[in-house]
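**Student:** Structure in structure tokens, see below.
Read the figures in this text as sums done on the coordinates, not as results from a lab. Every value quoted in this text rests on a predicted model; they were computed, and no experiment measured them. Cβ: placed from backbone, ideal geometry, glycine included. Neighbour counts: every protein chain shown.
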Number of protein chains: 2
Amino acid sequence: MSAEWVTSVLAGDRRALARLITQVENDTSTARAALAALYPHTGRAHVVGVTGAPGTGKSTLVNELAKAYRSGAAGNGPRSVGIIAVDPTSPFTGGAILGDRIRMRDLAGDPGIFIRSMATRGSLGGLARTTADVITVLDASGWDMVLVETVGAGQSEVDIARTAQSTIVVEAPGLGDDVQAIKAGILEIADVLVVNKADLPSADSAVKALRAMLDLGHRVDQVTIAHHGPLAAQLAERPTRPPDARLWQPPVLKTVANTGEGVTDVIAALERHRTFLTESGELARRDHDRITAELDHLLRALLLRRLLDRVPAEALQAVVAKVVAREEAPWEAVKTLMDSYCD
Amino acid sequence: MSAEWVTSVLAGDRRALARLITQVENDTSTARAALAALYPHTGRAHVVGVTGAPGTGKSTLVNELAKAYRSGAAGNGPRSVGIIAVDPTSPFTGGAILGDRIRMRDLAGDPGIFIRSMATRGSLGGLARTTADVITVLDASGWDMVLVETVGAGQSEVDIARTAQSTIVVEAPGLGDDVQAIKAGILEIADVLVVNKADLPSADSAVKALRAMLDLGHRVDQVTIAHHGPLAAQLAERPTRPPDARLWQPPVLKTVANTGEGVTDVIAALERHRTFLTESGELARRDHDRITAELDHLLRALLLRRLLDRVPAEALQAVVAKVVAREEAPWEAVKTLMDSYCD
């Protein structure tokens, strides 16, 4: 059934797509087989992360971006848009007020729009993993654009954003200076900065503040913030950026997402960024870093599963009990386990 | 040198303590040996997590809690207090304004206070790990209270809070309704809820809203939100809560941290919670879950390191290149690696 299913998903069957994503969320063996079969078909979609604090209006912006892509604002006709909402405050995930829900009805019924919200209960680390797999599915099944909305607060959400090729960080004027320290961390992942609610009086000073932070060098070299697991460390020939490479200067744009004002400028910036990524070789470098991190994660999971298959439950229980009783430190317990059950 | 050092730390030598924590942050082999030697001496401190959004005034609350513990507010004389600040907006980490810095001078110079701020650059996942180790060091070296301040936004920060025995979630009136959805997630980890800045007019409605959310069952069974890795799944005899066990009802308290108002009530609630944890058996259950999650994490790290020691760099490079070229899916590549290099 799996092969047929993959064919349906590749052919753009929405129901097959929705069912496969459910399988992916449940991490079934069917899902894993399908992901492997779909993987060679990936690499075409433009994956855009949209992140920012609650209250910045990023869901509305996602909505307007989707509408603009549908009406051909990016050039060369309308594009199909898949939306993945990982933000617990997003109307797409059901976290927001009635007005937002009504607004997102604009998108419903359009065959060129696919919306999927992801549960944020449980481990966000697992969610980062699942989101990456859902992006794979949407990419393989031919969606031109994949927009991933996250709340952008913790490391795991930064990881989700990092799966994207282009990341929009949305700010709003007057959210308070004490958030600045957090913003500094988020700025590092921004390819396009958007000050939404630009009709508010303090919008210009927010734009100025963001430009100043960018000039102060809060943005570090993209490559240096990549994952640095042991696997990455062992790779001798990681592609590096040539010293004369063009660099991307993140633009700071103003929007009023409620009225759609400024949205086409955001789309134009995303198009420029995509071109930059391809021409500068940055796309290949990011792809390489992302895949390295993914292999690192999968290897850990599989190695642990393999070890646990060999350890009798009682032996494991005894080790945990010793650590709980403070008779053995965790690190020592782990070494004991490995000495006994690894070759 | 390591054994002497451990003796100094156990004897309460502040300089040895500070130097060891630096070693822990750098994950040196000395640190690992010291952690193993210190581990049997842990389990005495009351570890309290203090979390909440930026602007709620939780740093000021931590400051006032520390002062109150020093002046004997918890009963049985003054207690020594170790503070770990993982919050990038905290004055303890240097993220906040001058007034806060002046306020924290109250604590400097008191030999019964130890303050350590943790860098939030880089991986928050790694930070959760390091924070747990620093808690181990402070616990073993005899600090009565360990207060851990985090910003409480992402999953990794929830993980940090989860290392604590008692977690205070700090709210402030009027931070906006759109933050509620996030609060719901944070509420699940709250043992004590504090509405700070209670002199603001909307404080009572904030208290009412939080009580309503608690009644609505936003708080799930503590046990069900524990880590559920494969290691935990394999443990047959995980201690479970008896059906007639007493449950903890998180109190909602009001404070004005700037003036110290309500702080002794928070301390009284923490004392009640600590007694509850011990008498209900919940402390043992949380300890068990925390240790299981830690062993899970350590096993993954060590297994990966061990595998990579066997794989030649060129072979690893070739595998990554195949995945980058979309010739092989990540999951398949990982299986190929394991088939070739594991016994």
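**Student:** If the limit is 31 Å between Cα atoms, which of A:Lys67/B:Lys208; A:Lys335/B:Lys335; A:Lys197/B:Lys254; A:Lys197/B:Lys67; A:Lys58/B:Lys254 go over it?
**Tutor:** Over 31 Å Cα-Cα: A:Lys67/B:Lys208; A:Lys197/B:Lys254; A:Lys197/B:Lys67; A:Lys58/B:Lys254.
**Student:** A further question follows. At 7 Å along the Cα-to-beta-carbon direction for both A:Arg19 and B:Lys322, put a label point, then send me their distance in nm to one decimal.
**Tutor:** Between A:Arg19 and B:Lys322, the label points sit 3.1 nm apart.
**Student:** List the trypsin sites (Lys or Arg not before Pro) in the stretch A:13-48 that DSSP assigns to loop (not H, G, I, E or B) and whose Cβ has at most 15 other Cβ atoms within 10 Å. Which are they?
**Tutor:** Values: sites: A:Arg14, A:Arg15, A:Arg19, A:Arg32, A:Arg44; in loops: A:Arg44.
Qualifying residues, ordered by number: A:Arg44.
**Student:** Need one number: nm distance between label points at A:Ala3 and B:Ala212, each 7 Å from Cα along Cα→Cβ, rounded to one decimal.
**Tutor:** 5.8
**Student:** Next question. For the pair A:Leu200 and A:Ala11, what calculated FRET efficiency results from E = 1/(1 + (r/R0)^6), where r is the Cβ-Cβ distance and R0 = 51 Å, to the nearest 0.05?
**Tutor:** Efficiency at R0 = 51 Å is approximately 0.65.
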